[in-house]
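One structure is given below, encoded as structure tokens.
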Amino acid sequence: MKLVGLFCGGYSSEFEISLKSAQTIMDNFPKEFEVVPVHVTESGWFVPSGEEKFPFSIESMSFAGKTGERKIDIGLIYIHGNPGENGKIQALLDMKGIPYVNSNALASELSFDKWYCNQFLSRFGIPVAKSLFLKSRQQYSSDEILSELGLPCFVKPSDSGSSFGISKVSQAEDLQNALDKAFEEGDTVVIESFLKGTEVTCGIYRSPEGLVTLPLTEIVTENDFFDYEAKYLGQSQEITPARIPDAIRNKVWETSKDVYNLLQLKSIARIDFMVVNDIPHVIEVNTTPGFSAASLVPQMLAEAGISITDFWSQIFSVELTKK
């Protein structure tokens with residue numbers, strides 16, 4: 001029986017969300033595998049077992065458990081943010097010769113950075129919001145930003161992969177505070193023009209039969225936008241399937257397939273869109289979307305009649321066949 005190391009936790013503000021995602025995955029894991037959680041923290045990596053914590057060796061990809069030294073055979077990375085969603089653990093596993101089922105290091109890093117990902121996709125004709133990229137707070141004056149993008153606009157950490165640090169700016173005097181907030185979460189910031197439309201999100205993965213696009217979820221938030229509180233604290237309506245015409249749904253599905261293939265993604269991805277004048281605009285690509293019991297992808301799977309266990313069986317079947 002293959003031993004799967006499920007890497008979770010991480011160094012971002014969404015540490016606890018990652019642990020919840022990992023727990024849902026472990027509770028529904030295919031029986032043909034054994035799975036152990038590998039908690040990734042800034043103070044060290046370890047495998048929890050009851051009240052004990054067994055140190056996990058990055059060098060040997062193993063841990064000394066109750067039954068002796070055990071080395072993982074396969075990796076499944078479910079960290080929302082650094083160092084998983086941005087491809088660092090994937091690169092480490094590549095160097096150690098450990099197969100994994102996630103998107104590779106390059107695809108993960110490119111998808112993770114909001115600015116670079118959207119610029120890449122736009123070169124292939126994928127509609128995205130107009131935007132500016134900042135490496136420092138002083139790179140552009142407030143007047144330059146507002147002249148280029150107008151109000152309202154969105155300020156986001158570009159390289160954090162987190163729901164934290166995102167602001168919708170409706171008044172010029174709020175721009176500087178939004179930039180400060182974003183730079184607290186990441187080293188670079190993207191400012192995007194406001195897209196007025198219907199927000200939907202699409203889960204997509206590769207099964208043994210080919211790409212599968214899941215039923216769309218429509219996001220109707222009580223807040224200004226789909227922020228951390230809206231995502232995780234119940235301050236939004238998540239309507240599956242989305243209340244949009246079949247023709248628009250099909251456009252979103254086809255664009256999702258294009259994005260998945262262009263970025264050379266693997267396993268599950270969730271691609272967020274704003275539909276403006278019947279045209280789906282990509283907002284963000286998530287290669288490690290939330291997977292807690294209340295998260296969007298499990299809702300989509302339930303609507304499609306796919307059990308979580310069968311879903312992960314399909315993922316492992318496809319990726320391990322390639323190894």
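Scanning the range 254-274 for residues that are in a strand (DSSP E or B) and surrounded by 22 or more Cβ atoms within 10 Å (Cβ to Cβ) yields 269, 270, 271, 273. Of all residues in the range 117-141, those that are in contact with an Asp or Glu (Cβ under 9 Å, 6 or more places away or on another chain) and in contact (Cβ under 8 Å) with a residue 12 or more places away in the chain total 12. Taken as a whole, the range 77-90 holds no residue that is out of contact with any His (no Cβ under 7 Å at 6 or more places or on another chain) and over 15 Å from residue 10 (Cβ atoms).
Of the residues making up the range 17-47, those that are over 19 Å from residue 102 (Cα atoms) and in contact with a strand residue (DSSP E or B) (Cβ under 6 Å, 6 or more places away or on another chain) number 4.
Give the residues of the range 107-124 that are of a type outside the set (Phe, Trp, Tyr) and out of contact with any helix residue (DSSP H, G or I) (no Cβ under 9 Å at 6 or more places or on another chain), sorted by residue number. I'd like the intermediate steps shown before the answer.
At the first step, the residues of the range 107-124 found to be of a type outside the set (Phe, Trp, Tyr) are 107-111, 113-114, 117-119, 121-123.
The answer is 113, 114, 118, 119, 122, 123.
Which count do you get for residues in the range 142-183 that are of a type in the set (D, E, K, R), free of Cβ contacts under 8 Å to residues at least 40 places away in the same chain and in contact with a strand residue (DSSP E or B) (Cβ under 8 Å, 6 or more places away or on another chain)? Walk me through how you get there before you give the answer.
In the first step, residues of the range 142-183 are kept if they are of a type in the set (D, E, K, R); the result is 143-144, 148, 156, 159, 168, 173-174, 180-181.
When the remaining residues are screened for being free of Cβ contacts under 8 Å to residues at least 40 places away in the same chain, the result is 143-144, 148, 173-174, 181.
Narrowing the set further to residues that are in contact with a strand residue (DSSP E or B) (Cβ under 8 Å, 6 or more places away or on another chain) leaves 148, 174, 181.
Residues in the range 142-183 being of a type in the set (D, E, K, R), free of Cβ contacts under 8 Å to residues at least 40 places away in the same chain and in contact with a strand residue (DSSP E or B) (Cβ under 8 Å, 6 or more places away or on another chain): 3 in total.
Note on the range 40-81: among residues that are within 23 Å of residue 109 (Cα to Cα) and either crowded, with 22+ Cβ neighbours inside 10 Å or not assigned by TED's automatic domain parsing to the domain that holds residue 7 (or both), the one that is nearest to the chain's Cα centre (by Cα) is 80.
The values are calculated or read from the model by the stated rules, or taken from the named source; none is laboratory data. What you see is a predicted model, and the numbers here were worked out from it, not measured in a lab. Positions of Cβ are backbone-derived with ideal geometry, glycine not excepted, and every protein chain shown enters the neighbour counts.
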